[in-house]
Amino acid sequence: MSESMRAWAVRAPGPIDTGPLAFIERAVPRPGPGQVRLRVVACGVCRTDLHLAEGDLVQKHPLVVPGHEVVGFVDALGEGAERFTLAERVGAAWLARTCGACRYCVNGRENLCTSPTFTGWDVDGGYAQYVVVNEDYAYPVPARFSDQDAAPLLCAGIIGYRALRRTELPPGGRLGIYGFGGSAHLTAQIALAEGATVHVMTRSPEARELALSLGASSAGDASARPPEPLDAAILFAPVGTLVLPALEALDRGGTLAVAGIYLSDIPALNYERHLFEERTLRSVTANTRSDGAEFLEIAARIGIKATVSPYPFGEADRALADLAHDRVNGAAVLVGFE
């Protein structure tokens with residue numbers, strides 16, 4: 001194996017059309033204790049990667065490699081690593097490590113760990129030919145999914161699943177989804193499989209068509225009023241102004257969960273219009289490993305289908321630009337890492 005590899009790194013955060021990413025060559029990483037190295041075969045392109053490239057998320061170290069929806073094959077084992085075997089297909093996700101000792105970790109809320117590590121932000125991620133991951137935070141990839149179909153499940157799917165559970169949607173309830181990209185189109189399939197009625201609000205005509213094809217009862221513009229009051233809603237679009245119409249669309253006792261890691265400023269709320277009658281506004285922060293395992297089991301059982309737009313590994317910058325400009329229907333995935 002060559003001792004060097006190709007990777008995309010954030011050179012100078014800024015608007016995606018100014019070229020904040022650089023295609024670089026660097027040394028192939030070596031796995032440490034309890035780690036495995038993956039030969040990457042697919043990596044999802046997440047809006048969080050865009051926020052990192054554009055500087056909405058503060059860069060943790062120079063030339064960090066984005067990417068946290070990673071599918072690869074184990075090609076090296078660190079000392080003591082024994083959970084996976086060589087050549088086994090493994091997925092790496094956003095949560096790279098937690099301290100295991102803070103009060104959140106010890107009571108099952110490791111997504112709120114006080115000193116977490118995230119893939120593609122704190123440590124280099126999957127926009128590279130090889131990546132090193134902590135084996136305890138990786139996932140076996142269900143056999144029914146192809147490499148490129150599995151990639152978006154590892155963040156878009158997992159975080160959407162957690163957001164859905166945070167809404168406490170009742171059985172057979174009415175769910176509103178604001179924004180309909182990589183995460184939302186997977187979450188909708190879980191909700192529909194569990195008997196929910198789904199209404200989608202998004203500015204993209206192509207996304208509205210996708211929503212209806214998956215079984216949504218309605219699909220309108222991003223700020224449109226759904227045809228009936230909602231028991232719950234999820235905001236996937238990173239647009240703070242949408243919080244207000246989403247809260248107004250909730251029925252009494254409904255909950256709005258904001259799924260993104262970044263959200264533009266929320267305008268002033270009116271207590272009576274937006275929160276009274278026990279409406280709830282909740283954030284969603286990362287995920288636990290249990291969330292990931294539960295989601296992947298459900299996804300395999302119901303045969304969730306990812307709508308994927310593949311991009312060559314060498315065109316990661318174009319994939320992010322297309323995501324920024326709403327030119328991706330479903331989920332963008334990097335392939336062709338050889």
Would you kindly state how much longer the chain becomes between residue 30 and residue 63 on full extension, computed as 0.36 nm times their sequence separation minus their alpha carbon distance, in nm to one decimal? 10.1 nm
What is the gain in length, in nm to one decimal, between residue 251 and residue 122 on full extension, counting 0.36 nm per residue of separation less the C-alpha to C-alpha distance? 42.5 nm
Summed over the other residues with a beta carbon less than 15 angstrom from that of residue 295, with K and R at +1 and D and E at -1, the charge totals +1
Between the residues 59, 285, 323, the Cα farthest towards the positive end of the dipole of the chain, that dipole coming from +1 and -1 charges on the beta-carbon of Lys, Arg, Asp and Glu, is from 285
Within a Gaussian network of the chain (alpha carbon springs, distance under 10 Å), most fluctuating of 139, 178, 271: 271
In this structure, the FRET efficiency calculated for residue 143 and residue 165 from their beta-carbon separation, with R0 = 25 Å, to the nearest 0.05, is 0.50
Nearest 10 degrees is fine. How inclined is helix 156-166 to the longest principal axis of the chain, computing both from alpha carbons? 40
If you stretched the chain out fully between residue 75 and residue 264, how much longer would it get, using 0.36 nm times the residue separation minus the C-alpha to C-alpha distance? 64.0 nm
Calculated diffusion of region 158-283, Stokes-Einstein form, Kirkwood radius summed over Cα pairs, 4 °C and 1.567 mPa s, µm²/s: 93
Toy charge model, Lys and Arg Cβ at +1, Asp and Glu Cβ at -1: region 5-47 dipole around Cα centroid in debye, rounded to 20, equals 220
For region 48-122, which chymotrypsin sites (Phe, Trp or Tyr not before Pro) are both in a DSSP coil and crowded by at most 15 other Cβ atoms within 10 Å? none
Computed E for residue 272/residue 221 - FRET, C-beta separation, R0 30 angstrom, nearest 0.05: 0.75
What does the helix-only formula give at 222 nm for the chain: each DSSP H stretch with n ≥ 4 adding -39500 (n - 2.57), the total divided by the residues, and the result rounded to the nearest 500 deg cm²/dmol? -6500 deg cm²/dmol
FRET efficiency for residue 85 and residue 17 from the Cβ-Cβ distance with R0 = 41 Å, rounded to 0.05, comes out at 0.40
Net charge near residue 101, counting Lys/Arg +1 and Asp/Glu -1 over other residues with Cβ under 15 Å of its Cβ? +1
Net +/- balance of residues flanking residue 190 in space, Cβ distance below 14 Å, scoring K and R +1, D and E -1: +1
Which of 111, 134, 270 moves most in a GNM of the chain, Cα contacts under 10 Å? 270
Treating only the Cβ atoms of Lys and Arg (+1) and Asp and Glu (-1) as charged, compute the dipole magnitude of region 158-283 about its Cα centre; round to the nearest 20 debye. 220
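Throughout, read-outs are computed from the coordinates displayed, never taken from laboratory work. Predicted model, so just to flag it, every value in this text is computed and none were measured. Quick reminder, even Gly has a Cβ in these numbers, built from the backbone with ideal geometry, and neighbours come from all protein chains shown.
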